[in-house]
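The values are calculated or read from the model by the stated rules, or taken from the named source; none is laboratory data. Since the structure is predicted, the reported quantities are computational estimates derived from the model, not experimental observations. No Cβ is skipped: glycine too gets one built from the backbone with ideal geometry, and neighbour counts run over all protein chains shown. Note: areas computed on protein heavy atoms with side chains; ligands, DNA, RNA excluded. Shrake-Rupley method; radii C 1.70, N 1.55, O 1.52, S 1.80 Å.
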Amino acid sequence: MSTDHDTIRYEDSGIPQPYHLVKPSVWPLIGALAAGIMMGGMILFMHKDKIGSIDLGWGWPLVGFAGVLAVMAVWWRDVIREATFEKLHSPIVKIGLRYGMALFIASEVMFFSAFFWAYYSAALYPPAIFGGVWPPNNIAETVDPFDMPFMMTLILLLSGTTVTWAHHAIVHGDKKGLVQGLACTVALGLSFSVCQAYEYAHAEFGLKSGIFGSTFFMATGFHGLHVIIGTIFLAVCLWRAKRGDFTKDSHFGLEAAAWYWHFVDVVWLFLFISVYWYGSR
């Protein structure tokens, strides 16, 4: 479209088009490749597969995991730079960010729905090969829901209140309360992961203990992975809060982390009722 000599077109000015968030980025592609290597390596490890005479062991999963962490770091760096230094997060861009985060959480809902479907498919209609009962006869002892899982539930529910405290603080311009709330939430997230590791170490069954063990560890394990990711997300927000990146008018990074954390809380409540309480009957 032609313009007069006093008008500078976007494509000539070097300024990104205001309806788009970022310049073309290679990180989504590299992140997908790293995640594929990590998960593919885990599958090969669990099946004890080899490539020729080479025993891969933990090699590929660790390489993929390191790649995922590296992509998270540089991708977060780019988004933070766009928000704070380049000032690209216009009101229109923030609407797109909110839609994107909402759709991402919706995809996570479907992800966990698959695990619950697999669990209840076996729990409500136990196959005859398992004795027609749930838990199956080969599970001598389940995890007591009112032991460590109940403590983990209290930790997550408390963390939901502290992250809300942090969000409420920044909305009212209280940056000290923001830092305190985020610090408490990160500490509670780490506490949950420690409790889950302890629980796994003392469980009387394993991933190979038939369909009960596989559905239990897949559902709770992937939730634990989401807790770790959410804790990292909140830790980044804590670092940004201490740096002064968030204001009461511009803090979507914190909002996104809070949305994600509340989603993790809700999923855990369903896991506690379904996998721990119902599964231990």
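Yes or no, residue by residue, for (1) over 18 Å from the mean Cα position of the chain (by Cα); (2) open to solvent by 20 Å² or more (accessible area, probe 1.4 Å):
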site	(1), (2)
160	no, no
169	yes, no
174	yes, yes
180	yes, yes
187	no, yes
190	no, yes
195	no, yes
198	yes, yes
202	yes, yes
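Scanning the stretch 175-203 for residues that are out of contact with any helix residue (DSSP H, G or I) (no Cβ under 8 Å at 6 or more places or on another chain) and either within 21 Å of residue 238 (Cβ to Cβ) or part of a helix (DSSP H, G or I) (or both), we see that the one that is modelled with the lowest pLDDT is 201. The residue pairs whose first member lies in the stretch 59-84 and is closer than 15 Å to residue 30 by Cα and in contact (Cβ under 8 Å) with a residue 12 or more places away in the chain, whose second member is small (Gly, Ala, Ser) and not in a helix (DSSP H, G or I), and whose beta carbons are closer than 8 Å, counting only pairs six or more residues apart or on different chains, are 75/25; 78/25.
Evaluate the following for residue 246: is it open to solvent by less than 10 Å² (accessible area, probe 1.4 Å) and out of contact with any strand residue (DSSP E or B) (no Cβ under 6 Å at 6 or more places or on another chain)? Break it down into steps so the answer makes sense when it comes.
Details: open to solvent by less than 10 Å² (accessible area, probe 1.4 Å): yes; out of contact with any strand residue (DSSP E or B) (no Cβ under 6 Å at 6 or more places or on another chain): yes.
For residue 246, the condition - open to solvent by less than 10 Å² (accessible area, probe 1.4 Å) and out of contact with any strand residue (DSSP E or B) (no Cβ under 6 Å at 6 or more places or on another chain) - is met.
I'd like to check which helices (runs of 4 or more DSSP H) are fully inside the stretch 1-105 and have at least 1 residues that are modelled with pLDDT of 80 or more and surrounded by 12 or more Cβ atoms within 10 Å (Cβ to Cβ). Outline the logic, then answer.
Working: elements: 10-13, 27-46, 59-84.
Result: 27-46, 59-84.
Filter the stretch 125-157 down to the residues that are assigned to a loop (DSSP other than H, G, I, E, B) and either β-branched (Val, Ile, Thr) or in contact with a His (Cβ under 9 Å, 6 or more places away or on another chain) (or both), then identify the one that is farthest from residue 186 (Cα to Cα). The selected residue is 133.
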